[in-house]
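The values are calculated or read from the model by the stated rules, or taken from the named source; none is laboratory data. Source: prediction; values computed, not measured. All Cβ positions, even for glycine, are placed from backbone atoms using ideal geometry, and neighbour counts span all protein chains on display.
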Amino acid sequence: MPVLCSFNQSETRVNFPRPFVALPRLPHGIRHLDFDKNHSILVKSEIPFSTKEWANCRFIAWDDTILYGGIDDVFALAPGDLDFLTGEHMRCLWKDPDAPASVRINFERPFITPPKVVVFFNHLEFDKNHNWRVITTASDIDANGFTLNIETWLDTILHCAQTCWIAYPEDREHIFSTSVSTTDIRPWNEPQLQNSKEITFTVEFLKKPSVFMALNYLDIDCKANLRINAYVDGISTNRLVWHIDSWDDTVIYAAGATIIAFT
């Protein structure tokens, strides 16, 4: 079964709750960011080295970026758990201005039926002088693959974004996934700092699940610092409450996240 762990330091060693029998696969995504608006918005989370017992995890910011804080969730997968496939795709516009917003991802092996596919960010680069807007989605899902989308709009200057994806059988037991957004509870043009909603699982858990969460959508005004915190609480065997919050003078027009609950 998958294992959940998180890190919130520039570089740290994260110990797995239990050791794996071989090197795990480590899809991971960002759920909390706090940037200074007066400097470049450049950040990525990465796991450069791991063992069966722990992983070396870090946030990297560069050039003049001032990153006050970040939190990354890790969905650690045993290599023998063949139900799950995972990978990453980067859209890097500073290298290739014509890099397409949508690409076809072909699975290394096909599923019997179209799987569940979830997507989320672990690398973002924006120009500081335009609102920060980006969304990643999965579409056209079939048994052999899907279309991965990384899109922006209006005057946003997106230099680079990387999406991590996870696919698993749609009838896999003891796992629930969904995408949530502030637009589920309010229109984009009525921004507020606290956004939350209770959701009910569509699968049955016999015990309280672990919950992975990572950002998949941002629409934030550049006139104040980029501050966002996605998290869950009130977890039970049949529901949870998600939160996508900010603080101080930040203006979140909209934001979204991927949630995976599992036991």
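In the stretch 23-38, what count of residues is obtained for those that are crowded, with 18+ Cβ neighbours inside 10 Å and within 27 Å of Thr250 (Cβ to Cβ)?
9
So which of Val119, Val103 ends up being of a type in the set (A, V, I, L, M) and in contact (Cβ under 8 Å) with a residue 60 or more places away in the chain?
Testing whether each residue is of a type in the set (A, V, I, L, M) and in contact (Cβ under 8 Å) with a residue 60 or more places away in the chain leaves just Val119.
Taking the stated definitions as given, is Leu33 out of contact with any Ser or Thr (no Cβ under 6 Å at 6 or more places or on another chain) and farther than 29 Å from Thr156 by Cα?
The answer is no for Leu33.
Just checking, does the stretch 6-22 include any residue being at pLDDT below 95, farther than 20 Å from Ile252 by Cα, under 16 Å from the mean Cα position of the chain (by Cα) and not small (Gly, Ala, Ser)?
yes
Got at least one residue in the stretch 54-64 being touching a Cys at 6+ places or on another chain (Cβ under 7 Å) and either hydroxyl-bearing (Ser, Thr, Tyr) or surrounded by fewer than 15 Cβ atoms within 10 Å (Cβ to Cβ) (or both)?
no
Here is a list of conditions, (1) aliphatic (A, V, I, L, M); (2) over 18 Å from the mean Cα position of the chain (by Cα); (3) closer than 30 Å to Ser246 by Cβ, and Ile60 meets all of them except one; can you say which number that is?
Just one mismatch for Ile60, condition (2).
Against the definition (of a type outside the set (S, T, N, Q), surrounded by fewer than 19 Cβ atoms within 10 Å (Cβ to Cβ) and closer than 30 Å to Thr152 by Cα), how does Gly69 come out, yes or no?
yes
Of a type in the set (Gly, Ala, Ser) and either touching a helix residue (DSSP H, G or I) at 6+ places or on another chain (Cβ under 6 Å) or buried (at least 16 other Cβ atoms within 10 Å of the Cβ) (or both): does that describe Ser45?
In short, yes.
Filter the stretch 67-85 for residues that are of a type in the set (Gly, Ala, Ser) and part of a loop (DSSP other than H, G, I, E, B); which is nearest to Glu151 (Cα to Cα)?
Ranking the candidates gives Ala78 first.
Does Ser50 meet the test of being surrounded by fewer than 16 Cβ atoms within 10 Å (Cβ to Cβ) and over 23 Å from Phe205 (Cβ atoms)?
no
Across the stretch 202-217, which residue is nearest to Trp153 (Cα to Cα) among those that are in contact with a Ser or Thr (Cβ under 9 Å, 6 or more places away or on another chain) and part of a loop (DSSP other than H, G, I, E, B)?
Of everything passing the filter in the stretch 202-217, Thr202 is nearest to Trp153 (Cα to Cα).
For (1) farther than 17 Å from Phe120 by Cα; (2) buried (at least 17 other Cβ atoms within 10 Å of the Cβ); (3) touching a helix residue (DSSP H, G or I) at 6+ places or on another chain (Cβ under 7 Å), each residue gets a yes or a no:
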position: Ala143; (1), (2), (3): yes, no, no
position: Leu148; (1), (2), (3): no, yes, no
position: Glu151; (1), (2), (3): no, no, no
position: Asp155; (1), (2), (3): yes, no, no
position: Thr163; (1), (2), (3): no, yes, no
position: Arg172; (1), (2), (3): yes, no, no
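Hey, can you tell me all the residues within the stretch 12-22 that are free of Cβ contacts under 8 Å to residues at least 60 places away in the same chain, surrounded by 11 or more Cβ atoms within 10 Å (Cβ to Cβ) and closer than 24 Å to Gly87 by Cβ?
Residue satisfying the conditions is Phe20 alone.
Scan (1) surrounded by 13 or more Cβ atoms within 10 Å (Cβ to Cβ); (2) under 26 Å from Pro17 (Cβ atoms); (3) of a type in the set (A, V, I, L, M) for the single condition Leu206 breaks and write down its number.
Leu206 satisfies every listed condition except (1).
If you scan the stretch 15-40, which residues turn out to be under 14 Å from Phe212 (Cβ atoms) and outside any loop (DSSP other than H, G, I, E, B)?
The answer is Arg25, His28, Gly29, Ile30, Arg31, His32.
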